[in-house]
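K.L.:
My questions all concern the structure below.
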Amino acid sequence: MSVLTITNTNFESEVLSSEQPVLIDFWASWCGPCRMLSPVIDKIADESSDIKVGKVNVDEQPELARQFGVMSIPMLVVMKNGKIMQQSVGVQPKEAILSMIR
């Protein structure tokens, strides 16, 4: 499955109403660590059919960043049934990200 772009407009339908767990990557184009993490997130999305993977550009979606209390990026959040289950800040290896989801 490809990575979704999460916005204020589709947040409820893609994240809150999702029957699958959702991995959200809060990022920005100017963030070096975000660019390092991006291929890992893309690979997880391609390899995992049992989860949804989305990205939130904090510059374009400041309301969502504020709602999640994003202070540092990259920040990963795992949501299930509309609730935050796990979160981490900084570049993480693929295995650590997968263990957050499972």
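The values are calculated or read from the model by the stated rules, or taken from the named source; none is laboratory data. Please read these numbers as outputs of a predicted model, since none were measured by experiment. Heads up, the Cβs are rebuilt from the backbone with ideal geometry, glycines too, and the neighbour counts pull from every protein chain shown. Please note that ligands, DNA and RNA were not included when accessible areas were found on the heavy atoms of the full protein model with its side chains. Shrake-Rupley method; radii C 1.70, N 1.55, O 1.52, S 1.80 Å.
K.L.:
Quick one: which residues, 5 or more positions from M85 or on another chain, have an amide H under 5 Å from its amide H? H modelled 1.01 Å from N in the peptide plane, none for Pro or chain starts.
P.N.:
V78, M79, K80
K.L.:
Strictly greater than 15 Å: what percent of every Cα pair in the stretch 22-102 meets that?
P.N.:
Within the stretch 22-102, distances greater than 15 Å cover 51 percent of Cα pairs.
K.L.:
Roughly speaking, what is the centre-to-centre gap between the stretch 78-92 and the stretch 24-67 when only Cα atoms are used, to the nearest Å?
P.N.:
Cα centroid of the stretch 78-92 versus Cα centroid of the stretch 24-67: 12 Å apart.
K.L.:
Restricting to the stretch 14-102, what percent of DSSP beta bridges are antiparallel, rounded to 5?
P.N.:
Antiparallel bridges: around 65 percent, rounded to the nearest 5.
K.L.:
Please give the per residue accessible area of the chain, computed with a probe of 1.4 Å over protein heavy atoms only, in Å².
P.N.:
On a per-residue basis, the chain sits at 53 Å².
K.L.:
For the stretch 21-33, in order, what is each residue's ³J(HN,Hα) by Karplus, 6.51 cos²θ - 1.76 cosθ + 1.60 with θ = phi - 60°, in whole Hz (x at glycine and Pro)?
P.N.:
Result, ordered by residue: x, 10, 9, 10, 10, 8, 8, 8, 5, 7, 8, x, x Hz.
K.L.:
Just name one of V22, T9, Q86: the one whose Cα is farthest towards the positive end of the charge dipole of the chain (beta-carbon charges, Lys/Arg +1, Asp/Glu -1).
P.N.:
Q86
K.L.:
Over all directions, average the projected area of the Cα convex hull of the stretch 4-68 and note it in nm².
P.N.:
Dividing the Cα hull surface by four gives the mean projection, 4.3 nm².
K.L.:
How much mean residue ellipticity at 222 nm does the chain get from its helices, if each DSSP H run of length 4 or more adds -39500 (n - 2.57) and you divide by all residues, to the nearest 500 deg cm²/dmol?
P.N.:
Counting only the DSSP helices, I get -8500 deg cm²/dmol.
K.L.:
So, one more: With the full set of protein chains in place, find how many percent of the accessible area of the stretch 41-82 is carbon and sulfur; take the probe as 1.4 Å.
P.N.:
After summing per-atom areas, the C and S share lands at 42 percent.
K.L.:
Leaving out same-chain residues fewer than 8 places away, which lysines sit with a Cα under 18 Å from that of K83?
P.N.:
By straight Cα distance, K83 reaches K52, K55.
K.L.:
Work out the length of the dipole vector of the stretch 8-102 about its Cα centre, built from +1 on the beta-carbon of each Lys and Arg and -1 on the beta-carbon of each Asp and Glu, and round it to the nearest 20 debye.
P.N.:
Here the stretch 8-102 has a charge dipole of around 280 debye.
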